[in-house]
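Q: The structure follows.
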Amino acid sequence: MYFSKIISNDAKSIHTAASQHPFTWRLVLVSLLSCLATVFQAAGGFVPIIGLFISPLATAPIIICSILSIRLGILSYLSTILLLFILQPSELIVFPFTTGLLGLGIGIALLHFNNRLSILISGCAVLFTGILSVLYIFKFPLLGPMASTSFNLYMAGGILLFSLSYTWIWLEISVICLKRIKLRFVS
């Protein structure tokens, strides 16, 4: 079955190769990736229509930082939140609970799990929990007028299906990109 297939150890190879570099090198890389994640996330507010298609790309730098080191992934996540606070405060409720949290979830899962299903379930659980938190705890209309901020089982099921498919897309993008990064990064 496709979902039970073992994913290659590209993430672990990149993690091992990155740990051999000096800490300052890794810190500079994380800061650059955090800036990139901030620019991607803030694009939704700066560029009206195209920015909505660019802002989901903020997940990718967080995934890469989380693969380099879990501690550096969390640092990248927090520094991106701080930069968004300065640059685009309206994105502060979206990034920490959706794109950034998904990046952390997938990056950490790629280091700890071997098959697609485990990584998919853990990433989906993180994204699903984040979206439900924004909608039902903070009462922020994240999905616009189509989703009420009062709990609805059908809406929660739709959010679960969306989280599953969105995480699957990001997982496949990550696997493809990790193979390319490994070719250039690991010697």
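Q: Are any residues in the stretch 61-75 within 16 Å of Val126 (Cβ to Cβ) and small (Gly, Ala, Ser), and if so, which ones?
A: Listed by number, the residues that qualify are Ser66, Gly73.
Q: Also: Identify all residues within the stretch 54-73 that are within 11 Å of the chain's Cα centre (by Cα) and not hydroxyl-bearing (Ser, Thr, Tyr); write none if there are none.
A: Pro56, Leu57, Ala58, Ala60, Pro61, Ile62, Ile63, Ile64, Cys65, Gly73
Q: Still on this model: Tell me yes or no: at least one residue of the stretch 166-179 is more than 17 Å from the chain's Cα centre (by Cα) and not small (Gly, Ala, Ser).
A: Looking for residues that are more than 17 Å from the chain's Cα centre (by Cα) and not small (Gly, Ala, Ser), one finds at least one in the stretch 166-179, hence yes.
Q: Of everything in the stretch 1-15 that's hydrophobic (A, V, I, L, M, F, W, C) and assigned to a helix (DSSP H, G or I), which residue is farthest from the chain's Cα centre (by Cα)?
A: Step by step, filter the stretch 1-15, then rank; the result is Phe3.
Q: Moving on to the next point. With the requirement that a residue be modelled with pLDDT of 85 or more and closer than 18 Å to Val94 by Cα, what does the stretch 140-162 give you?
A: Within the stretch 140-162, Ala156, Ile159, Leu160, Phe162 qualify.
Q: Being assigned to a helix (DSSP H, G or I), of a type in the set (Val, Ile, Thr) and either modelled with pLDDT under 95 or within 17 Å of Ile173 (Cα to Cα) (or both) is the filter here, so list the residues in the stretch 96-130 that pass it.
A: Scanning the stretch 96-130 gives Thr99, Ile106, Ile108, Ile119, Ile121.
Q: While we're on this one: For a quick check of your reading of the model, give me the residue pairs whose first member lies in the stretch 88-109 and is closer than 16 Å to Cys124 by Cβ and free of Cβ contacts under 8 Å to residues at least 12 places away in the same chain, whose second is in a helix (DSSP H, G or I) and of a type in the set (D, E, K, R), with beta-carbon atoms closer than 6 Å and at least 6 apart or on different chains.
A: Short answer, once both residue conditions are applied: none.
Q: What are the residues in the stretch 150-185 that are surrounded by 14 or more Cβ atoms within 10 Å (Cβ to Cβ) and outside any helix (DSSP H, G or I), if any?
A: Listed by number, the list holds a single entry, Asn152.
Q: Something else about it: Select the helices (runs of 4 or more DSSP H) contained entirely in the stretch 16-87, then report the ones holding at least 1 residues which are buried (at least 22 other Cβ atoms within 10 Å of the Cβ) and at pLDDT 95 or above.
A: 23-46, 59-68, 70-87
Q: Out of everything in the stretch 88-112 that is over 21 Å from Leu135 (Cβ atoms) and touching a Ser or Thr at 6+ places or on another chain (Cβ under 7 Å), what residue ends up being surrounded by the fewest Cβ atoms within 10 Å (Cβ to Cβ)?
A: For the stretch 88-112, the residue satisfying everything is Ile108.
The values are calculated or read from the model by the stated rules, or taken from the named source; none is laboratory data. All values derive from a computational prediction rather than experimental measurement. For neighbour counting, all protein chains shown are included, and Cβ atoms are generated from backbone atoms with ideal geometry for every residue, glycine included.
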